[in-house]
Structures are given as C-alpha cells and as structure tokens.
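Derivation of every value follows stated rules applied to the coordinates shown; laboratory data play no part. Computed from a predicted model, the values in this text were never measured in an experiment. Every residue, glycine among them, receives a Cβ derived from its backbone with ideal geometry; neighbour counts consider all protein chains shown.
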Amino acid sequence: MTAEFVLSGAGHSYGPAIRALDGIDLTVEAGEHVAVVGANGSGKSTLLKMLDGLAFCTSGTITAAGRPLTEEALEDPAFRREFRSRVGFVFQDADVQLFCNTVFDELAFGPLQLGLDHEDVRSRVAEVAASLRIERLLDRAPYTLSGGEKKRVAIASVLTMRPQVLLMDEPTNALDPRSQVWLLDVLDEWKRAGRTVVIATHDLSAAAESCDRMIVLSEEHRVVADGTPEEVLAQRDLLLGVNLIHQHSHRHGADRHVHPHAHEHEHA
Amino acid sequence: MIPALAHIADASPRGRGGVRSLARRTADAIGHAVAEVLENDELAGGPGLMQALDPRVKLASILVFAVTASFVHSLPVLVVLVLATMGLAAASGVSVVSFSVKVWSSAGLFALLACAPSATAWITPGPVLIPLGPLSITAPGLLIAARLVARVIAGAGFGLLVIWTTRWTDLLRALSALGVPDLVVATLAMTQKQIMSLLRTVENMHLARESRMLSTGSARENRGWVVDRMAFVARRSMKTADDVYDAMLARGFSGSMPSLVDLRATARDWAWMAAGVATSVLVLGIDRTVFPT
C-alpha cells in the first residue's frame, strides 16, 4: 500500500535567513492519525502547508500518494483536482478560511471548484450542515458568526469535499470546552472511517486523545521524537527541552512542589 | 452583536478642553461603522414592505426608479417621488427621520454644492430673487438647482432604501443572478469581510491601548498612534490576503468562482415589478401632460 506522504530530508526556508523546517524524514501511512507537536515557531504550520502543497521543499523531497508534490506537479489540472479532492486543510485562523458571501456558499465552494453538478453540491452541503448541526447558519455571512461557529463552518467547508486526508492546524484553538469535545468526536469518527488525519498542535492532551502517533518538532525545526503518545509524553526531559512543558512550582502549606506543566493554549 | 466601542463611545475620558482625541474619534467612527453594518443586517432581516421582496426585483427597481427620476422635468413630480421614497421607508419599518437625514446630509448636500453655481445669474440669467451681484440667485437658476437636488435625493433615497432593506449577502446573490461575473461578486464579498475583520482588529487594538492609559495623551502622540496602527493594519491586510489566497488554493481554487444562486421570485415580486413599471409610465405621462415644459 502506498504511503500517504513521504518526506525525505525535507526542509523549507522563508528567504535565505529564516529556516522553518530542516531535514525532515517522515512517512505518514494511510489511515494514520498523527499529531505534530512543537513550540511556537517550530515549523508545525509550515509542515502542514507543505503536506497540502501550499509551501514547497527548498531542500529534500516530498511525495503524496507516491507522486512528487511540487509546484510544477500541481500545475497539472488532473493532478491538482485529484490532490485537492483527496487532501483537505483546516486553517488555524477560521477567519482566513471563510471568504465567501454566506455559509452556504462557503460549504459549496470546494465542491463547485471540483466541478460537481449543482444537485450534488446542494446535497453535500445539506448533508454536512446537518451532520455538524449548522443548518441554521447557512444564510448567515461568516463574519457575523462566533469563534466556535466559524470553526465548525471552516471544518464543514472542507468536509463537503469529502477528503481522505485531513490536515488541521491548531484545531482546538478558540474552541469552548463543548466544541472541543465535539471536535474530538469528529476526529474519532474519521478514525473509524479509516481516513488519515494530521494535526499540528501544542495542546498535548487533545493530541494524545485524538491521535495514535505523535511527532515532536524541536525549536531547531527538526523531528526529535516519533512514537505513540504514551511513549512521547513519557519523555519529560525531551518535552522540557523543546519547550512544550515547563517546570512549575507551587506550595501546599509548608510543602513546595515542583513538577512539569503543559499549556493547552498559545503563549502570547 | 454590537461592538463594544459603539457602547463606550461617549464614556471615555476627554482631552484638554474637553476635546476628544483623534485616536478616540477614529475608534468611535470605526465602532459606529461596524454597528451600523450589523444593525443594517438586522433591519434588512426584519418585517417590512421592501424586505419582503426578492433582491433581484429590488435591484431592477433601482434602475426603473433612476430612469424615471432622470426623465422627470417638473419639480412637483420630483417632490412626489421624494415623498414616495419616504412613504416606502415608513412602510418598511425604517425611521423616516433618520432616513431623510442620511439622504439629505450626504447626497442632498453634495448635489446642492455641485449645482449651486447654476442657480446664480452668472450661469443662469433671469429675474433675480436674491441680489448678490454676479452671484445673484435667479428664479430659473433656482428652479434648475432645485430640480437637480430633488432628482438626486429621490434616486439616492430609493437606492439607500434598497440597501438598507436587503441583507448584504442577498444583494450579492442578486448581483450574481443578474449576470454580474462571479469573480466580481466574490471580490465584493471578500472585501466586505476583510473590512469587517480589520475593523474588529482596530477596535481591539484601541481597547487594549485604552485599558492601559490613564490620560488621553497629547494630540501628537495620538496622531502618531493612529498613523502607526494604520501602517500595522495595512501590513496585516496584505498578510491576510496571502493567507486567504492559500485557503482558496487549498480548496481547489483555479481562477474561477462558480456559485449557486437560489433565488425564486414570487407573485408578489412580479406584481411589484409590474406596479413599478406602470407607476413609472404614469409619472412620466403626468410630467409631460400636466406640467409641460
């Protein structure tokens, strides 16, 4: 079976001075649920953009379903159509992803770009809106939605394309607790459906709960750990070293405790 | 949802001599602009004569109304058209006072300034009503100016009424249904969304600054802050544009923006359109026969 993504020595730089990823060797098999964790600026978002063909290797190679994923390859309409319908990307900032006039248009955008007939598009929109319980939002302009609603619509806008691979950048960001639980349920459903998911996050608990593999990026933009969430989370020195957790001290009366402490939100 | 700034606009400290700072005035204006857009959506979604109509019919009505107003010559008929827009506003749940103030203070004032010279003896000779030398106001000059102002107020008033009673999303759908290219409609939608998003950013920046300030600061400091934030918003806008383009590519964007427009005109819409055209013919007939030039 062909791996979903294979990265060999892949690196990416923004100009000559800013290195975002360096020498990444990574294989993502079909059906895997992978969490990419790392501190701010470690290159998680860049890695997802590379997997989605929005940023390209400045060193090394990357293949998607056995085909090189390059700018030139995506210029081929047939490959682009096949790749875009197979790989969906939920951006960290839902405001960026919601650019259409109404929520309905937002959900219809992807299928229309794929050239589906209008009846099929309408039925996909209705089906996804019902499953994510956003039917009442369909006539609204995206900018009038709350943060949680925007996130749901952003996810729905990708689901209408029925991707086999889902890339999600900080999916639990800006979500209230109920929406976080809902999202974890959605990821669980995808796992049962055998779809591939790659999420970039530094919410370690969400990553451990929703994924069966965890990859750690260091602040030097390299992979420093790759294993099951249990294996990775057991390496506390490593997590301290890559700035994913920090030492936290507090007192209980006269007793002073010092222990590692993970944050589930962005440090400002 | 009304932005916080719209509520706190008058509660902020005043600068020396009670004059509000430039930063505060800018932020107030932004807050009110956002509030107006959101309130407009509420009004457009409410009950009313104009709200019940298909947005395409309303857009077509603008054309009919504008053509009619352009061909009418007599001032009394133009005044009737102005009164008709006020009647439609009332029937659509729009405050006639705020509607009239808005139209008169923008389009009316602009038209008045533009045609003021034509009311003078210098441009339009004739019997003098107000003697001011070469700038004396003449009777035919005043009639010409009054006609133009009434025509602009009638046209702009009807246009504003259509905008106020139609949700932005429906307006764009109607444009698409009437044949405006989807790429243009999509660009309009993105522009609106981007403006709202940036306004919220500016609002938050201002609130963050306000929460850490004990005084209003000097005028120079405030000007500097406003200019600095303008530059920041411009940079942020460009970055967002890049990100939005990436998001479009990720969902298969290949240069075209097909859309699904699902608008259905009802019997009421057709009746409105027929009544509009008939009224237009009637108005032009009265204008030509009762008030011949």
For this session: Search region A:19-41 for residues being within 13 Å of A:Asp169 (Cβ to Cβ) and small (Gly, Ala, Ser), and hand back the single one that is farthest from the chain's Cα centre (by Cα).
Result: A:Gly38
Exercise. Right, A:Arg124: surrounded by 19 or more Cβ atoms within 10 Å (Cβ to Cβ) and touching a residue at least 12 places away in the same chain (Cβ under 8 Å) or not?
Worked result: yes
Exercise. Quick one: A:Asn40 ticks every box in (1) touching a residue at least 60 places away in the same chain (Cβ under 8 Å); (2) in contact with a Pro (Cβ under 9 Å, 6 or more places away or on another chain) bar one, so which box is it?
Worked result: (2)
For this session: Pull up region A:67-82, narrow it to residues that are in a loop (DSSP other than H, G, I, E, B) and under 21 Å from the mean Cα position of the chain (by Cα), then point me to the one that is surrounded by the fewest Cβ atoms within 10 Å (Cβ to Cβ).
Result: A:Thr70
Exercise. Taking region B:254-278 as the region of interest, how many residues are at the interface with chain A (Cβ under 9 Å from one of its Cβ atoms), surrounded by fewer than 19 Cβ atoms within 10 Å (Cβ to Cβ) and not hydroxyl-bearing (Ser, Thr, Tyr)?
Worked result: 3
Problem set entry | Of residues in region B:196-238 being more than 29 Å from the chain's Cα centre (by Cα) and among the basic types (Lys, Arg), the one farthest from B:Ala35 (Cα to Cα) | B:Arg220
Seminar exercise, completed: Over region B:279-293, the set of residues buried (at least 18 other Cβ atoms within 10 Å of the Cβ) and of a type outside the set (D, E, K, R) is B:Ser280, B:Val283
Exercise. Just one of B:Ala250, B:Ala278 is over 30 Å from B:Pro76 (Cβ atoms) and free of Cβ contacts under 8 Å to residues at least 40 places away in the same chain; which is it?
Worked result: B:Ala250
Exercise. Given the structure, is B:Val244 of a type in the set (Val, Ile, Thr), in a helix (DSSP H, G or I), more than 8 Å from chain A (Cβ to nearest Cβ) and surrounded by 15 or more Cβ atoms within 10 Å (Cβ to Cβ)?
Worked result: no
Exercise. Just one of the numbered conditions (1) farther than 30 Å from B:Gly255 by Cα; (2) without any contact (Cβ under 8 Å) to a residue 40 or more places away in the chain is not true of B:Trp225; which one?
Worked result: (2)
For this session: Considering only region B:188-235, state which residues are of a type in the set (D, E, K, R) and surrounded by fewer than 13 Cβ atoms within 10 Å (Cβ to Cβ).
Result: B:Arg212, B:Arg220, B:Asp228, B:Arg235
Seminar exercise, completed: Checked region A:183-197 for anything assigned to a helix (DSSP H, G or I) and free of Cβ contacts under 8 Å to residues at least 12 places away in the same chain; matches are A:Asp185, A:Glu189, A:Arg192
Problem set entry | Given (1) crowded, with 16+ Cβ neighbours inside 10 Å; (2) touching a strand residue (DSSP E or B) at 6+ places or on another chain (Cβ under 6 Å), index of the condition A:Leu175 fails | (2)
Problem set entry | Count - residues of region B:169-188 that are more than 9 Å from chain A (Cβ to nearest Cβ) and more than 19 Å from B:Asp54 (Cβ to Cβ) | 5
For this session: Please work out which residue is nearest to the chain's Cα centre (by Cα), limiting yourself to region A:144-171 and to residues that are surrounded by 22 or more Cβ atoms within 10 Å (Cβ to Cβ) and of a type in the set (Ser, Thr, Tyr).
Result: A:Ser157
For this session: Of all residues in region A:77-105, count the ones that are in contact with a strand residue (DSSP E or B) (Cβ under 9 Å, 6 or more places away or on another chain) and aromatic (Phe, Trp, Tyr).
Result: 4
Exercise. Consider A:Ser45 against the criteria (1) closer than 26 Å to A:Leu187 by Cβ; (2) surrounded by fewer than 17 Cβ atoms within 10 Å (Cβ to Cβ): it satisfies all of them except one. Which criterion is unmet?
Worked result: (2)
Seminar exercise, completed: Pairing a residue in region A:94-112 that is at the interface with another protein chain (Cβ under 7 Å from one of its Cβ atoms) with any residue that is assigned to a loop (DSSP other than H, G, I, E, B) and of a type in the set (Val, Ile, Thr), where Cβ atoms lie under 9 Å and the two sit 6 or more apart in sequence or on different chains, gives A:Ala108/A:Thr160; A:Phe109/A:Thr160; A:Gly110/A:Thr160
